[in-house]
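Written out below as structure tokens is the structure these notes cover.
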Amino acid sequence: MTIFDPMMWLIAFRSLFQHRIRTSLLGGAIAVVTALLVALAGIYVGMKETLLVSATTLMSGHVNVAGFYKSTASSSSPVVTQYKQLMEIVRRDVKDLDYVVQRGRGWAKLISDSGSMQVGIGGIDIANEPGFLKVVNLKSGSLDDLKRPDGLLLFEEQAKKLDVKVGDRLTFSAPTYKGTNNTIDVTVVAIAGNIGMLSSWNTFMNDQGLRKLYQLNDETTGALQIYLKDLSKLRPVQEGLRKSFAEAGFELLDNDPRPFWMKFDGVNRESWTGQKLDITNWEDETAFVQWFVTILTVAATTLIFVLTVIIGVGIMNVMWISIRERTREIGTLRAVGMQRRSVLAMFVTEGFLLGLMGTGLGVLIGGALTAALNAAAIQLPKGAQLVLMSEKLIVTPTPGWIVFAIGFITGAITLISIIPSFRAARLKPVTAMSHVG
Amino acid sequence: MNAIVSIRDVVKEYQLGTTVVQALRGVSLEVQKGEFLSIAGPSGSGKTTLLNLIGCVDTATRGVVEVAGKDTAKLSERELTDLRLNTIGFIFQSFNLVSVLTLFQNVEFPLLLQRKLGAKERRDKVMQLLEQVGLHTHAKHRPSELSGGQRQRVAVARALVTDPLLVLADEPTANLDSTTGNQIIDLMKTLNQQKGTTFIFSTHDHKVMQHANAVIRLADGKVLERVSAREAVEHALSLGEAPQAEARA
């Protein structure tokens, strides 16, 4: 008789049912651990996806082509010249391309009637930014007005600090790459909800306006942000682009998986002049916030491991009790001709079934818990908002994690049940049958 | 060469702390096919130990135990299990049915272990046996829903379902009242006569003993004699052994 025999499952199921209270307590504990795993996995995936969507839309593409332009050996400007030619190459050579946008990059002083602050500037062509519209949570004004050369988008926190509203005029003041200082007037056309740390230091304005501030020509931008249909193709796309750009005569920095802005010092110490391109991906650019996700993953994994061990010890104890209670039954079954391996299979089946029922229930509870968390739209603490670029806790349970939760916990319980089951199978029929208790 | 069981100079010792207890002291006997044999003797005489050795659920310390022509000492654990499954049926004093299975499933269980018959053949065979023991209408009941006598009849059906050459019954009537006990022994006797199955049962109840073809009398781990049922009963009565069933009544 093997575990594929319906009788084996029937005995296991009815034995569990016969000890309903014990089964309920243990199954309930398994369900709680599973529900926690599903919920924690949902939080992990939700945070990672939120970070991915926000970060890749607002501050990075899946793949970025940025560059340093050095007019002298010791100073560099974060610009890409001849970007239209680069875009053509991207469109021609990247097979999994979803879309590509150009973004200006700058760092300037923003001055209002009542105050000022240093901010980063993203220069965008709003007509060609499909992802941006989905991510930004507009509170007032119109994103369409960013088509105006003097259009500026602020986040709520910045608008509050500067005490401005839609329609107010402000001034940007920045040193140009030619070494002189320049100012332009801009109009607040949109105010968006805060998106983590980005809302503290970054603004968005019309790309033409940004070029005007830095006195750049139409062929120059800050970076190309490339969005792919399939994220698993990240590395091959990066490699392919390095090759394509080199073949087209562009010079590239060596591959360096650090955010673009961390490379200034190194580049300024190098002796070359002119343009060099720097290709990074979204993970490189957001590495400084991903530690949070890593810590979350480690904490969740540790918690699940500890809970699984506790449940495992409980399961093993219950199996010992069950086997002790059924020692005479084991002796009888062995006497009537059941092989040792079948006795082993019988108890392992019971452990597996208990695990499966517990995890099944746990997935339902976990699903309900994640739905409740999403419905509650829990406000994230400020610290978490900063790194996750989201105000609310978003929980995303995925089929992969649900299957993993069921498989991992059921598998662990089945493995644990082998130890007492093996002991049961080794019992001599005469010893088992004469057992009292 | 018609012996189904052949035992020669069998010794069985148990270690109890530092003391070695001899449960069987050089037992020899032969049981022929088709016999309805009783093993009688007072408590502690070695009846159960002897049945355990014949049933291959225990091993002898010394001596030879042959069942169906096979020396059990030379068989592996797996082969012993197969021998029990295919050659021997067991009826226990405490019925030993699987509580979570129905009567039908309890009787069907050895057939599932054998994996020789298809579902329909199994069903027909189990229902036929349940009918023979008068419980076909209770096939879907659980053991806990039955009386002791009914449970023992299920145990008889389970012991016979694989058509074993040999059925061992360890005090099959000990937990039953005298009427039910007699019914069980009658049932066993009928099946012995109809199918030719060899039955060996232990008892110290002279009313049960009297149904046997022959009685092996054991005392202090030794075979005293092999006598007819009438002689065994007379001997028991002359010693003033209180018949168990009567004492309970």
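Any residue at all in region A:322-332 that is in contact with a strand residue (DSSP E or B) (Cβ under 7 Å, 6 or more places away or on another chain), crowded, with 17+ Cβ neighbours inside 10 Å, within 11 Å of chain B (Cβ to nearest Cβ) and among the small types (Gly, Ala, Ser)?
Going residue by residue through region A:322-332, those that are in contact with a strand residue (DSSP E or B) (Cβ under 7 Å, 6 or more places away or on another chain) are none.
So far as region A:322-332 goes, no, none of its residues is in contact with a strand residue (DSSP E or B) (Cβ under 7 Å, 6 or more places away or on another chain), crowded, with 17+ Cβ neighbours inside 10 Å, within 11 Å of chain B (Cβ to nearest Cβ) and among the small types (Gly, Ala, Ser).
Please pick out the residue among B:Leu111, B:Leu101 that is closer than 17 Å to B:Ala159 by Cβ and either more than 8 Å from every other protein chain (Cβ to nearest Cβ) or polar (S, T, N, Q) (or both). I'd like the intermediate steps shown before the answer.
Details: B:Leu101 fails: either more than 8 Å from every other protein chain (Cβ to nearest Cβ) or polar (S, T, N, Q) (or both).
Just a single option satisfies the conditions, and that option is B:Leu111.
Could you look through region A:360-399, keep only residues that are small (Gly, Ala, Ser) and assigned to a loop (DSSP other than H, G, I, E, B), and pick out the one that is least open to solvent (accessible area, probe 1.4 Å)?
Pass one, region A:360-399, residues small (Gly, Ala, Ser): A:360, A:362, A:366-368, A:371-372, A:375-377, A:383-384, A:390.
In the following step, the residues that additionally are assigned to a loop (DSSP other than H, G, I, E, B) were identified as A:377, A:390.
Details: A:Ala377: 43, A:Ser390: 13 Å².
The extreme case among them is A:Ser390.
Mind checking which residues of region A:10-22 are β-branched (Val, Ile, Thr) and either outside any helix (DSSP H, G or I) or surrounded by fewer than 21 Cβ atoms within 10 Å (Cβ to Cβ) (or both)?
Of the residues in region A:10-22, the ones β-branched (Val, Ile, Thr) are A:11, A:21.
The one that is β-branched (Val, Ile, Thr) and either outside any helix (DSSP H, G or I) or surrounded by fewer than 21 Cβ atoms within 10 Å (Cβ to Cβ) (or both): A:Ile21.
Just give me the residues in region B:88-98 being crowded, with 17+ Cβ neighbours inside 10 Å and either over 17 Å from B:Glu30 (Cα atoms) or more than 11 Å from chain A (Cβ to nearest Cβ) (or both), in sequence order. Give the steps one after another, and end with the answer.
Within region B:88-98, the subset crowded, with 17+ Cβ neighbours inside 10 Å is B:88-93, B:95-98.
Within region B:88-98, B:Gly89, B:Phe90, B:Ile91, B:Phe92, B:Gln93, B:Phe95, B:Asn96, B:Leu97, B:Val98 qualify.
At least 1 residues that are open to solvent by 10 Å² or more (accessible area, probe 1.4 Å) in each: list the strands (runs of 3 or more DSSP E) lying fully within region B:17-68 that qualify.
Numbers: elements: B:19-32, B:36-40, B:62-67.
Here the list reads B:19-32, B:62-67.
Taking region A:291-332, which residues are part of a helix (DSSP H, G or I) and of a type in the set (D, E, K, R)?
Residues of region A:291-332 that are part of a helix (DSSP H, G or I), as a first pass: A:291-325, A:327-332.
Within region A:291-332, A:Arg324, A:Glu325, A:Arg328, A:Glu329 meet the criteria.
Hey, can you tell me all the residues within region B:114-146 that are in contact (Cβ under 8 Å) with a residue 40 or more places away in the chain and within 17 Å of B:Leu187 (Cβ to Cβ)? Before you say what the answer is, go through the steps one by one.
Of the residues in region B:114-146, the ones in contact (Cβ under 8 Å) with a residue 40 or more places away in the chain are B:114, B:132-133, B:142-144, B:146.
Result: B:Gln132, B:Val133, B:Leu146.
For region A:177-209, how many residues meet the condition of being closer than 21 Å to A:Val79 by Cβ, open to solvent by 10 Å² or more (accessible area, probe 1.4 Å) and over 31 Å from the mean Cα position of the chain (by Cα)?
Within region A:177-209, residues that are closer than 21 Å to A:Val79 by Cβ, open to solvent by 10 Å² or more (accessible area, probe 1.4 Å) and over 31 Å from the mean Cα position of the chain (by Cα) number 9.
Pairs under 7 Å by beta carbon, first residue under 24 Å from A:Ile402 (Cβ atoms) in region A:283-310, partner at pLDDT below 80 and open to solvent by 50 Å² or more (accessible area, probe 1.4 Å), six or more apart or different chains?
Going by the 7 Å Cβ cut-off, the qualifying pairs are A:Val293/A:Lys48.
Do we have B:Thr162 as farther than 13 Å from B:Phe92 by Cα, modelled with pLDDT of 90 or more and open to solvent by 10 Å² or more (accessible area, probe 1.4 Å) here?
Values: farther than 13 Å from B:Phe92 by Cα: yes; modelled with pLDDT of 90 or more: yes; open to solvent by 10 Å² or more (accessible area, probe 1.4 Å): yes.
Taking the combined requirement at face value, the residue satisfies it.
Would you point out the residue of region A:333-349, among those that are assigned to a helix (DSSP H, G or I) and either modelled with pLDDT under 85 or open to solvent by 10 Å² or more (accessible area, probe 1.4 Å) (or both), that is farthest from the other protein chains (Cβ to nearest Cβ)? Talk me through it step by step, then tell me what you get.
Quick first cut of region A:333-349, residues assigned to a helix (DSSP H, G or I) only: A:333-335, A:340-349.
Remaining after also requiring either modelled with pLDDT under 85 or open to solvent by 10 Å² or more (accessible area, probe 1.4 Å) (or both): A:340-341, A:344-345, A:347-348.
On the way: A:Arg340: 7, A:Arg341: 9, A:Leu344: 13, A:Ala345: 12, A:Phe347: 13, A:Val348: 17 Å.
Among those that are assigned to a helix (DSSP H, G or I) and either modelled with pLDDT under 85 or open to solvent by 10 Å² or more (accessible area, probe 1.4 Å) (or both), it is A:Val348.
Do we have any residue at all in region A:113-123 that's outside any helix (DSSP H, G or I), more than 30 Å from A:Arg242 (Cα to Cα) and of a type in the set (D, E, K, R)? Explain how you work it out, then say what you get.
Here is the first cut: in region A:113-123, the ones outside any helix (DSSP H, G or I) are A:113-123.
Okay, now just the ones that are also more than 30 Å from A:Arg242 (Cα to Cα), so A:113-119.
Okay, now just the ones that are also of a type in the set (D, E, K, R), so A:113.
Scanning region A:113-123 turns up at least one residue that is outside any helix (DSSP H, G or I), more than 30 Å from A:Arg242 (Cα to Cα) and of a type in the set (D, E, K, R).
Are there any pairs with C-beta distances below 8 angstrom linking a residue in region A:114-141 that is surrounded by fewer than 12 Cβ atoms within 10 Å (Cβ to Cβ) to a residue that is in a strand (DSSP E or B), with the two at least 6 apart or on different chains, and if so which?
A:Gln118/A:Trp107; A:Gln118/A:Ala108; A:Gln118/A:Lys109; A:Gln118/A:Leu110
Does region A:324-332 contain at least one residue that is out of contact with any Leu (no Cβ under 7 Å at 6 or more places or on another chain) and of a type in the set (A, V, I, L, M, F, W, C)?
no
Please pick out the residue among A:Gln102, A:Gln82 that is open to solvent by less than 70 Å² (accessible area, probe 1.4 Å) and touching a residue at least 12 places away in the same chain (Cβ under 8 Å). Break it down stepwise before answering.
Values: A:Gln82 fails: open to solvent by less than 70 Å² (accessible area, probe 1.4 Å).
Within the list A:Gln102, A:Gln82, the selection yields A:Gln102.
Of the residues A:Ile310, A:Ile315, only one is open to solvent by 40 Å² or more (accessible area, probe 1.4 Å), assigned by TED's automatic domain parsing to the domain that holds A:Thr414 and of a type outside the set (Asp, Glu); which? Spell out the reasoning first.
Working: A:Ile315 fails: open to solvent by 40 Å² or more (accessible area, probe 1.4 Å).
It is A:Ile310.
Which residue out of A:Ala73, A:Ala66, A:Ala41 is away from chain B (no Cβ under 14 Å) and at pLDDT 90 or above?
Details: A:Ala73 fails: at pLDDT 90 or above; A:Ala41 fails: at pLDDT 90 or above.
Answer to the selection: A:Ala66.
Does B:Glu79 fit the bill of being modelled with pLDDT of 90 or more, part of a helix (DSSP H, G or I), more than 7 Å from chain A (Cβ to nearest Cβ) and open to solvent by 10 Å² or more (accessible area, probe 1.4 Å)?
Working: modelled with pLDDT of 90 or more: yes; part of a helix (DSSP H, G or I): yes; more than 7 Å from chain A (Cβ to nearest Cβ): yes; open to solvent by 10 Å² or more (accessible area, probe 1.4 Å): yes.
The answer is yes for B:Glu79.
With the requirement that a residue be in contact with a helix residue (DSSP H, G or I) (Cβ under 7 Å, 6 or more places away or on another chain) and either part of a strand (DSSP E or B) or of a type outside the set (Val, Ile, Thr) (or both), what does region B:183-200 give you? Please lay out each step first, then the result.
Of the residues in region B:183-200, the ones in contact with a helix residue (DSSP H, G or I) (Cβ under 7 Å, 6 or more places away or on another chain) are B:183-185, B:187-188, B:191, B:197, B:199-200.
Selection gives B:Gln183, B:Leu187, B:Met188, B:Leu191, B:Phe199, B:Ile200.
Across region A:38-50, what is the number of residues that are of a type outside the set (Lys, Arg) and either open to solvent by 10 Å² or more (accessible area, probe 1.4 Å) or not assigned by TED's automatic domain parsing to the domain that holds A:Ile365 (or both)?
First pass over region A:38-50, keeping only residues of a type outside the set (Lys, Arg): A:38-47, A:49-50.
If we keep only those that are either open to solvent by 10 Å² or more (accessible area, probe 1.4 Å) or not assigned by TED's automatic domain parsing to the domain that holds A:Ile365 (or both) too, we end up with A:40, A:43-45, A:47, A:49-50.
The number of residues fulfilling the criteria is 7.
Sort out which residues of region B:204-224 are in contact with a helix residue (DSSP H, G or I) (Cβ under 9 Å, 6 or more places away or on another chain) and on the phi > 0 side of the Ramachandran plot, and write them in order of number.
The one that is in contact with a helix residue (DSSP H, G or I) (Cβ under 9 Å, 6 or more places away or on another chain) and on the phi > 0 side of the Ramachandran plot: B:Gly221.
The values are calculated or read from the model by the stated rules, or taken from the named source; none is laboratory data. Only a predicted model underlies this, so the values are computations on that prediction, with no experimental measurement involved. Methodologically, a virtual Cβ is constructed for each residue, glycine included, from the backbone with ideal geometry; neighbour enumeration extends over all protein chains shown. All accessible areas refer to the heavy atoms of the entire protein, side chains included, with ligands and DNA or RNA removed. Shrake-Rupley method; radii C 1.70, N 1.55, O 1.52, S 1.80 Å.
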